[in-house]
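Peer 1: Once you've had a glance at the structure underneath, I'll fire off some questions.
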Amino acid sequence: MKSLTILAVCGAGLGSSFACEMSIEAALKDMGIKAALSHCDISSAASTRADIIMTGSNFKSQFENYTLSSTVIYLKRLIDKKEITEKLTPVLKEIGYLN
């Protein structure tokens, strides 16, 4: 199975996307899933290859302007590990990383 890549995205690609990346990492650790994680701003996300992009729901309209091959997960709270787990679990099952 190929390596899973997840990208945390915020408006500027600094503090909140990094905090989101750390929360994703904690959620994945609890699930026993290994992934390559990184973070960036919205405009960089359009040209970055990732299996999953996790971003704030407030950026949905901006992401709709891009043609992406990634699954985009929209979060109400970027650092809420419970929300991340709830929204990430069905996606991971769908792409074969969880049973």
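The values are calculated or read from the model by the stated rules, or taken from the named source; none is laboratory data. No experiment lies behind these values; they were computed from the predicted model shown. Here the Cβ is made from the backbone with ideal geometry for all residues, glycine too, and neighbour counts use every protein chain on show. Heads up: the accessible areas ignore ligands, DNA and RNA and are worked out on the full protein's heavy atoms, side chains in. Shrake-Rupley method; radii C 1.70, N 1.55, O 1.52, S 1.80 Å.
Peer 1: Quick check on T48: is it in contact with a Cys (Cβ under 8 Å, 6 or more places away or on another chain), more than 23 Å from K93 (Cβ to Cβ) and surrounded by fewer than 18 Cβ atoms within 10 Å (Cβ to Cβ)? Full working, then the answer.
Peer 2: On the way: in contact with a Cys (Cβ under 8 Å, 6 or more places away or on another chain): yes; more than 23 Å from K93 (Cβ to Cβ): yes; surrounded by fewer than 18 Cβ atoms within 10 Å (Cβ to Cβ): yes.
For T48, the condition - in contact with a Cys (Cβ under 8 Å, 6 or more places away or on another chain), more than 23 Å from K93 (Cβ to Cβ) and surrounded by fewer than 18 Cβ atoms within 10 Å (Cβ to Cβ) - is met.
Peer 1: Look at D30 and say whether it is open to solvent by less than 50 Å² (accessible area, probe 1.4 Å) and either of a type in the set (D, E, K, R) or over 12 Å from the mean Cα position of the chain (by Cα) (or both). It would help to see each step written out before you state the result.
Peer 2: Working: open to solvent by less than 50 Å² (accessible area, probe 1.4 Å): no; either of a type in the set (D, E, K, R) or over 12 Å from the mean Cα position of the chain (by Cα) (or both): yes.
Considered against the rule, which asks whether it is open to solvent by less than 50 Å² (accessible area, probe 1.4 Å) and either of a type in the set (D, E, K, R) or over 12 Å from the mean Cα position of the chain (by Cα) (or both), D30 comes out as no.
Peer 1: Mind checking which pairs have a first residue in region 40-58 that is over 10 Å from L68 (Cβ atoms) and a second that is part of a loop (DSSP other than H, G, I, E, B) and open to solvent by 40 Å² or more (accessible area, probe 1.4 Å), Cβ under 7 Å, 6 or more apart or different chains?
Peer 2: Partner pairs satisfying both residue conditions: C40/T48; D41/G11; D41/A12; I42/G11; D51/I95; S57/K76.
Peer 1: Next question. Collect the residues in region 9-25 that are open to solvent by less than 40 Å² (accessible area, probe 1.4 Å) and either within 22 Å of G96 (Cβ to Cβ) or in contact with a Gly (Cβ under 9 Å, 6 or more places away or on another chain) (or both), keeping them in residue-number order. Lay out the reasoning, then the answer.
Peer 2: In the first step, residues of region 9-25 are kept if they are open to solvent by less than 40 Å² (accessible area, probe 1.4 Å); the result is 9-10, 13, 17, 19-21, 23-24.
Within region 9-25, V9, C10, S17, C20, I24 qualify.
Peer 1: Right, another one. Among the residues of region 5-20, which ones are over 15 Å from N58 (Cα atoms) and among the hydroxyl-bearing types (S, T, Y)? Give the steps one after another, and end with the answer.
Peer 2: The initial filter retains those residues of region 5-20 that are over 15 Å from N58 (Cα atoms), namely 5-7, 14-15, 18-19.
Passing the criteria: only T5.
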